[in-house]
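Chemist: First the structure, then my questions, so here it is.
The values are calculated or read from the model by the stated rules, or taken from the named source; none is laboratory data. The model shown is predicted, which means the values in this text are computed figures rather than measured ones. When we count neighbours, we look across all protein chains shown, and the Cβ atoms used for this are built from the backbone with ideal geometry, even at glycine. Accessible surface is based on the protein model in full, side chains and every heavy atom, while ligands, DNA and RNA are left aside. Shrake-Rupley method; radii C 1.70, N 1.55, O 1.52, S 1.80 Å.
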Amino acid sequence: MLIYSLSIKLEKGFEDIIEAVIENGTLNILGFNIEFPINEPEYTIVNIYNENENILKDNLNIVEESIKNIVHYSYTTKQLRSEEYLTSYIEFLKPFNVGNITIVPNLKDNNNDEKIENPLYIAKQYAFGTGTHETTYLALEMINEYANNNDIVSKNIVDIGCGSGILSLFAYKLGGKNITSVDIDNDAVNCTLDNASYNDIKLDNVMLGSAKDLINMKLKFDLVIANIETDILIEILPDLKALLKPDSTLILSGILLEKESFMKNAIRENNLNIVLRKSKNDWVSLMLND
């Protein structure tokens, strides 16, 4: 089987723009990774992988629209055999810890897994959220903070835009059992279910839909989580608030630092209060209550 790779070389720091496009689900890809060349420390290379050359070209057009007026870049494409793709892609996916849980954005490794305590495997990655991007990492930290200060076992939790299911599964590993996972993309729904099965976790409520659909079902939650692009968060914030029970919590991630002021304006307009802020590089996550 042939895999097609698109390698985009650009100034270090601007790779976040492409990552944001990827994390938002705009591209149709098999996977991606980022290289930091030792001999050219001022540059980064974003590698995007596709099973189809036409899809790769479509993805290139989308990426170019996001960066062409911001930074100089160059790109190359090539064909890989499937085994070359797996080697080049998976070697970038290293385990990391959030609280006492080890996120493993990779397959189980029978030779090394005995060294990993309390692992959460994100092995199926055809929807986004491996934890390696800042937005997902910040959301994980926020959920861990919430669990440290609340009896998460008794809480009703919803993950809006569940993607790979990483946030839902992380909440489950922390003790959450009443979890609803929702996405407008059927691939994301299936990816969440696949990752749950891979971890021997049963998520009872994984749904194709949106926050509005949950409102129409008259559902309310103690914890609402949304890791989505800033402009969409602003647009759906009234719906997210409508899903909150009294004295409950909303976690927002995916907020670009340069758009934080717009997000805060929307928060004030919806009479919500910021109780915790976390940031990493150009990204911000906020914990709110009403």
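Chemist: How many percent of the accessible area of the chain is carbon or sulfur, using a 1.4 Å probe?
Modeler: Percent of accessible area from carbon and sulfur atoms in the chain: 47.
Chemist: Here's something else I'd like to know. Could you give log10 I(q)/I(0) at q = 0.18 Å⁻¹ for the stretch 196-235, computed by the Debye formula over C-alpha point scatterers of equal weight, without solvent?
Modeler: -0.74
Chemist: Computed FRET efficiency, Cβ-Cβ of ASP113 and SER279, R0 25 Å: what is it to the nearest 0.05?
Modeler: Approximately 0.20, to the nearest 0.05.
Chemist: 222 nm [θ] for the chain, helices only, -39500 (n - 2.57) per DSSP H run of 4+, per residue, to 500?
Modeler: Here the helix-only value at 222 nm equals -10500 deg cm²/dmol.
Chemist: Contact order normalised by length for the chain, with contacts defined as Cα pairs under 8 Å and 6 or more residues apart; what percent is it? Can you show the working numbers first?
Modeler: Working: 572 pairs, mean separation 40.3, N = 290.
Rounded, it is 14 percent for the chain.
Chemist: Determine the gain in length on full extension of the stretch LEU219-GLN79; use 0.36 nm per residue of separation and subtract their C-alpha separation, reporting nm with one decimal.
Modeler: 45.6 nm is the gain from fully extending LEU219 to GLN79.
Chemist: Provide the per residue accessible area, probe 1.4 Å, for the stretch 229-290, rounded to a whole number of square angstrom.
Modeler: Solvent-accessible surface per residue comes out at 48 Å².
Chemist: Please sort 178-184, 10-16, 142-148, 276-282 by packing, taking for each peptide the average over its residues of neighbouring beta carbons within 10 angstrom, highest first. Could the numbers behind the result be given before it?
Modeler: Details: 178-184: 22.6, 10-16: 17.0, 142-148: 19.9, 276-282: 14.7.
Descending packing order for the listed peptides: 178-184, 142-148, 10-16, 276-282.
Chemist: Right, here's the next one. Find which of LEU272, PRO238, TRP283 sits farthest along the positive direction of the dipole of the stretch 225-284, computed with +1 on the beta-carbon of Lys and Arg, -1 on that of Asp and Glu, about the Cα centre.
Modeler: Projecting each Cα onto the dipole axis, the largest value belongs to LEU272.
Chemist: If you don't mind, there's one more thing I want to ask. Which one of ASN150, THR136, GLY161 has its Cα pushed farthest toward the positive end of the charge dipole of the chain, where Lys and Arg give +1 and Asp and Glu give -1 at the Cβ?
Modeler: My answer, from the dipole projection, is ASN150.
Chemist: Using the Kirkwood radius over Cα pairs, work out the Stokes-Einstein diffusion coefficient for the chain at 10 °C and 1.306 mPa s, in µm²/s as a whole number.
Modeler: Diffusion coefficient, whole number: 81 µm²/s.
Chemist: Tell me, what HN-Hα J-couplings in whole Hz come from the Karplus equation 6.51 cos²θ - 1.76 cosθ + 1.60 at θ = phi - 60° for each residue of the stretch 259-266, using x for Gly and Pro?
Modeler: Taking θ as phi minus 60°, the curve returns 10, 4, 4, 5, 5, 5, 4, 5 Hz for the stretch 259-266.
Chemist: Each residue of the stretch 199-209 in order: what ³J(HN,Hα) in whole Hz does its phi give by Karplus 6.51 cos²θ - 1.76 cosθ + 1.60, θ = phi - 60°, with x for Gly and Pro?
Modeler: 9, 6, 10, 10, 8, 7, 10, 10, 10, 8, x
Chemist: In addition: Give me a comma-separated list of calculated 3J(HN,Hα) values for the stretch 64-78, in order, Karplus coefficients 6.51, -1.76, 1.60 applied at θ = phi - 60°, integers in Hz, x for any Gly or Pro.
Modeler: 4, 4, 7, 10, 5, 9, 10, 8, 6, 8, 9, 8, 9, 10, 7
Chemist: At a temperature of 4 °C and a viscosity of 1.567 mPa s, determine how fast the stretch 13-66 diffuses translationally according to Stokes-Einstein, using the Kirkwood radius over alpha-carbon pairs as Rh; express D in µm²/s, rounded to the nearest whole number.
Modeler: Rounded to a whole number, D works out at 110 µm²/s.
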